[in-house]
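The values are calculated or read from the model by the stated rules, or taken from the named source; none is laboratory data. Source: prediction; values computed, not measured. When we count neighbours, we look across all protein chains shown, and the Cβ atoms used for this are built from the backbone with ideal geometry, even at glycine. We work out accessible area using only protein heavy atoms, side chains counted, and drop any ligands, DNA or RNA first. Shrake-Rupley method; radii C 1.70, N 1.55, O 1.52, S 1.80 Å.
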Amino acid sequence: MDKVQAVIKNILIDLDGTLTDPKVGITTSARYGLAKIGHPISDETNIDWIIGPPLKASLAKILNVDVHNVLADQALLGYRERFAVTGLFENKVYPAVADTLATLQQQGFHLYVATAKPTVYARQILEHFDLAKYFTVIYGSELNGERTNKGDLIEYILQQEHLDAKECVMVGDREYDILGARRNAVASIAVSYGYGSAEEIQTAAPALVIDRFNDLISSIEQLQQQKVS
């Protein structure tokens, strides 16, 4: 389990599967991109697992090609063609997210979005749902694939914001969030309602697991009280 060694001041929060449920927009746009390059997949095929990890790698896996293969690039371009216009907003905010973010902000925490989704899309989504105002900065990946790795992204945020890892916590729904945080000596809290399975989360071993986003408030308090063993 992760251990907290100092007072938490900064909260890094994942987007997809943590703040919002992006299933319809992501999966429909992925099917569109794959069909456009001649690789349609049936509606019965479950591709929910693509939500969270770097998308190009997931598309390459579906195509059974190397991530650097041109087909993966073409599928990603097709995905973005639809996602940038329509898929962005085929999305819904999880219960109590806005109220919880407002409370944490009022309590003096600095909130940062840390998502593998390109920053340009993350910002549009958060502005659309009126959530951007709660965050100090929205951090995501670049369209060229840079910082799609969550560990790289968290490292970048710590450097850019001059944050002490011991004063931070990462909140997310997938093992990538938890493992990326650990790589940077940042404690983590997993949400159980997103797209990471119970087994995935248990194996990744975050400091705490919460079932509702508003449980984050009491969980932060609990982490503050933890003593280093």
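Things to note:
- Hey, Lys133 open to solvent by 70 Å² or more (accessible area, probe 1.4 Å), over 15 Å from the mean Cα position of the chain (by Cα) and within 20 Å of Ala190 (Cβ to Cβ) or not: no
- When each of Val137, Val171 is tested for being under 15 Å from Thr18 (Cα atoms) and in contact with a strand residue (DSSP E or B) (Cβ under 6 Å, 6 or more places away or on another chain), the lone residue that passes is Val171.
- Contacts under 8 angstrom Cβ, first residue in the stretch 181-204 being without any contact (Cβ under 8 Å) to a residue 12 or more places away in the chain, partner exposed (fewer than 15 other Cβ atoms within 10 Å of the Cβ), 6 or more apart: Ala198/Ser192
- Residue tally, condition in a helix (DSSP H, G or I) and touching a Phe, Trp or Tyr at 6+ places or on another chain (Cβ under 8 Å), over the stretch 66-85: 5
- Evaluation of Lys56 against (1) part of a loop (DSSP other than H, G, I, E, B); (2) modelled with pLDDT under 95 (one fails), failing number: (1)
- Residue in the stretch 87-106 that is open to solvent by less than 50 Å² (accessible area, probe 1.4 Å), touching a Gly at 6+ places or on another chain (Cβ under 7 Å) and either part of a helix (DSSP H, G or I) or farther than 17 Å from Ser29 by Cα (or both) present: yes
- Pairs with Cβ under 8 Å, 6+ apart, first in the stretch 100-112 and on the phi > 0 side of the Ramachandran plot, second not polar (S, T, N, Q): Gly108/Lys9
- Considering residues of the stretch 208-229 that are touching a helix residue (DSSP H, G or I) at 6+ places or on another chain (Cβ under 9 Å) and β-branched (Val, Ile, Thr) only, the residue most open to solvent (accessible area, probe 1.4 Å): Val209
- The stretch 181-207: number of residues that are out of contact with any Asp or Glu (no Cβ under 8 Å at 6 or more places or on another chain), under 21 Å from Val7 (Cα atoms) and open to solvent by 30 Å² or more (accessible area, probe 1.4 Å): 1
- Looking only at residues in the stretch 153-176 that are in contact with a Gly (Cβ under 8 Å, 6 or more places away or on another chain) and acidic (Asp, Glu), the one that is nearest to Ile51 (Cα to Cα) is Asp173.
- Consider the stretch 29-54 and keep the residues that are open to solvent by less than 50 Å² (accessible area, probe 1.4 Å) and β-branched (Val, Ile, Thr). The one that is farthest from Val93 (Cα to Cα) is Ile37.
- Residue match in the stretch 68-80 (condition: more than 30 Å from Lys36 (Cα to Cα) and open to solvent by 40 Å² or more (accessible area, probe 1.4 Å)): no
- Considering the stretch 111-229, the qualifying helices (runs of 4 or more DSSP H), each wholly inside and each with 1 or more residues that are under 30 Å from Gln74 (Cβ atoms), among the polar types (S, T, N, Q) and in contact with a Ser or Thr (Cβ under 8 Å, 6 or more places away or on another chain), run over 119-128.
- Subset of the stretch 200-229 (residues that are farther than 21 Å from Val93 by Cα and of a type in the set (D, E, K, R)): Glu200, Glu221, Lys227
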